[in-house]
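Below is one structure, written out as structure tokens; comments come after it.
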Amino acid sequence: MKVIPVNLPGQDHSYEIVLDPGGRQRLGEYLSEVLPGRRLWLVTDTLVARLYGHDIVTRLQEQGLEVSLLTVARGERSKSWPVAARLIQQLLTQGADRGSALVAMGGGVVGDLTGFVAALFMRGIPVVQVPTTLLAMVDASIGGKTAINIPAGKNLVGAFHQPSLVLIDPQVLLTLAHRERLNGLAEVVKMGFILDAELLAFLSGPARRLWADRNLEPGELLTEIIARAAAGKAGVVAADEREGDRRRLLNFGHTLGHALEKASHFRLKHGEAVAIGMAAALDLSVARTGLPAAAAQEGKALLTGLGLPVQAPPLPPAEVLQALMVDKKKQGQRMVFVLLRRLGEAVVHPEVPLDMVAAWLEKNRGT
């Protein structure tokens, strides 16, 4: 078991990230410790409910915890006002109050949605994150950024609402599809690009076989990768909870990535879109922040070697740029991008012209 503290200075909502193989079987013990005496609602999607949710709720009830199950459909479309409103209405109908708490068990969609509902309900109730995808384990469950999507764009309505605990059980990745594992791997690579060049070397060396073989083994190597990426994000969050400065570095690959997701109507998965966004950011870094061209090629070679895309899908660049125009980081006709000075060192660059992004999309669009 590994414990990573998320220390938020001067505030009373610091918490721990606990990596505990098989920990889902001990969820009741963790909940009794961090949320004693509260009535609980476990929120998950239909697939995770079938794999784990129903059994876990039964086990928690047998342990004397008062817990109910709420489910949402799988996919990004559940991160919406109608679904959030339905969950709030269900909580009210079932008697939830300010002494209640939510447990998010699922991927990033479930974590974001449940955290958002927890932030709004009765002006805020506790939430525990139990991520079941690699993407959620190393990124979405950590840091308290919650959101829903609206027609104009992804994550444009949200709130900061820190969890009481993040419980990571790497064993659940055994039931995760290979494409979903790669989806999360993109966020691991991102942490290497912005903070940890040694992690990049680790991913291109000893850890590469984890993704070359579709039969993923949730052993010490995988746990170490998750812990290293999660600890990196925890450190950034602790230094800058509300994205005032340093936390913006976590957006590496996301500016263009979110636009690609929206333009593809979310057929492109988040990690795939971020991988393409990182490839673009590597090339833009050569032009704007002096990243050596050889380093950009090395970074893109790592992405392709791990099975991640580096070319945009055959979407009209105008549609991608239209989605980009509503990004929270746009300033006039220029975008705020996170770029690299070198592999492992990122910087926020406030002046990337949109025509430069358009030129990259035109040159790097697949067929």
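Quick check on this structure: which one of 40, 65, 60, 51 is of a type outside the set (D, E, K, R) and under 14 Å from residue 104 (Cα atoms)?
40
Any idea how many residues of the range 241-266 are surrounded by fewer than 24 Cβ atoms within 10 Å (Cβ to Cβ) and not in a helix (DSSP H, G or I)?
Adding up the residues that qualify gives 8.
Could you tell me whether residue 354 is touching a residue at least 24 places away in the same chain (Cβ under 8 Å), surrounded by fewer than 17 Cβ atoms within 10 Å (Cβ to Cβ) and on the phi < 0 side of the Ramachandran plot?
Considered against the rule, which asks whether it is touching a residue at least 24 places away in the same chain (Cβ under 8 Å), surrounded by fewer than 17 Cβ atoms within 10 Å (Cβ to Cβ) and on the phi < 0 side of the Ramachandran plot, residue 354 comes out as yes.
Against the definition (more than 24 Å from residue 303 (Cα to Cα), without any contact (Cβ under 8 Å) to a residue 60 or more places away in the chain, touching a Pro at 6+ places or on another chain (Cβ under 9 Å) and not charged (D, E, K, R)), how does residue 118 come out, yes or no?
yes
Within the range 187-202, track down each residue that is assigned to a helix (DSSP H, G or I), within 16 Å of residue 231 (Cα to Cα) and of a type outside the set (Phe, Trp, Tyr).
Hits for the range 187-202 are 187, 188, 189, 190, 191, 192, 194, 195, 197, 198, 199, 200.
Starting from residues that are of a type in the set (Gly, Ala, Ser) and assigned to a helix (DSSP H, G or I), keep the ones in the range 23-38 and report whichever is surrounded by the fewest Cβ atoms within 10 Å (Cβ to Cβ).
The qualifying residue surrounded by the fewest Cβ atoms within 10 Å (Cβ to Cβ) is 32.
Give me the pairs, please: first residue somewhere in the range 182-193 and within 9 Å of residue 134 (Cβ to Cβ), second residue anywhere and acidic (Asp, Glu) and buried (at least 24 other Cβ atoms within 10 Å of the Cβ), beta-carbon distance under 9 Å, and either six or more positions apart or on two chains.
184/139; 187/139; 188/139
Name the residues in the range 146-157 that are touching a residue at least 40 places away in the same chain (Cβ under 8 Å) and under 14 Å from the mean Cα position of the chain (by Cα), would you?
Pass one, the range 146-157, residues touching a residue at least 40 places away in the same chain (Cβ under 8 Å): 147-150, 152-157.
Result: 147, 148, 154, 155.
Answer yes or no as to whether residue 223 is free of Cβ contacts under 8 Å to residues at least 12 places away in the same chain and hydroxyl-bearing (Ser, Thr, Tyr). It would help to see each step written out before you state the result.
Numbers: free of Cβ contacts under 8 Å to residues at least 12 places away in the same chain: no; hydroxyl-bearing (Ser, Thr, Tyr): yes.
No: the conditions fail for residue 223.
Is it true that residue 287 is among the aliphatic types (A, V, I, L, M), surrounded by 20 or more Cβ atoms within 10 Å (Cβ to Cβ) and in the same structural domain as residue 209 (by TED's automatic domain parsing)?
no
All but one of (1) more than 13 Å from the chain's Cα centre (by Cα); (2) within 18 Å of residue 236 (Cα to Cα); (3) acidic (Asp, Glu); (4) surrounded by 20 or more Cβ atoms within 10 Å (Cβ to Cβ) hold for residue 187; which doesn't?
Going through (1) more than 13 Å from the chain's Cα centre (by Cα); (2) within 18 Å of residue 236 (Cα to Cα); (3) acidic (Asp, Glu); (4) surrounded by 20 or more Cβ atoms within 10 Å (Cβ to Cβ) one by one, residue 187 breaks only (1).
List pairs: first residue in the range 322-347 and assigned by TED's automatic domain parsing to the domain that holds residue 201 and under 21 Å from residue 276 (Cβ atoms), second residue at pLDDT 85 or above and part of a loop (DSSP other than H, G, I, E, B) anywhere in the structure, Cβ distance under 7 angstrom, at least six positions apart or on different chains.
Listed by first residue and then by second, the contacts come to 326/152; 338/252; 339/289; 340/289; 340/291; 344/196; 346/252; 347/289.
Just name the residue that is surrounded by the most Cβ atoms within 10 Å (Cβ to Cβ) out of those in the range 163-182 that are at pLDDT below 90 and not aliphatic (A, V, I, L, M).
181
Determine which member of the set 192, 232 is in contact with a helix residue (DSSP H, G or I) (Cβ under 9 Å, 6 or more places away or on another chain), surrounded by 15 or more Cβ atoms within 10 Å (Cβ to Cβ), assigned by TED's automatic domain parsing to the domain that holds residue 289 and not polar (S, T, N, Q).
That would be 192, the only listed residue that is in contact with a helix residue (DSSP H, G or I) (Cβ under 9 Å, 6 or more places away or on another chain), surrounded by 15 or more Cβ atoms within 10 Å (Cβ to Cβ), assigned by TED's automatic domain parsing to the domain that holds residue 289 and not polar (S, T, N, Q).
Kindly indicate whether residue 81 is farther than 15 Å from residue 105 by Cβ, under 24 Å from the mean Cα position of the chain (by Cα) and not aliphatic (A, V, I, L, M). Step through it out loud before you land on a result.
Details: farther than 15 Å from residue 105 by Cβ: yes; under 24 Å from the mean Cα position of the chain (by Cα): yes; not aliphatic (A, V, I, L, M): yes.
Taking the combined requirement at face value, the residue satisfies it.
The values are calculated or read from the model by the stated rules, or taken from the named source; none is laboratory data. Small disclaimer: the values here were computed from a predicted structure and weren't measured. No Cβ is skipped: glycine too gets one built from the backbone with ideal geometry, and neighbour counts run over all protein chains shown.
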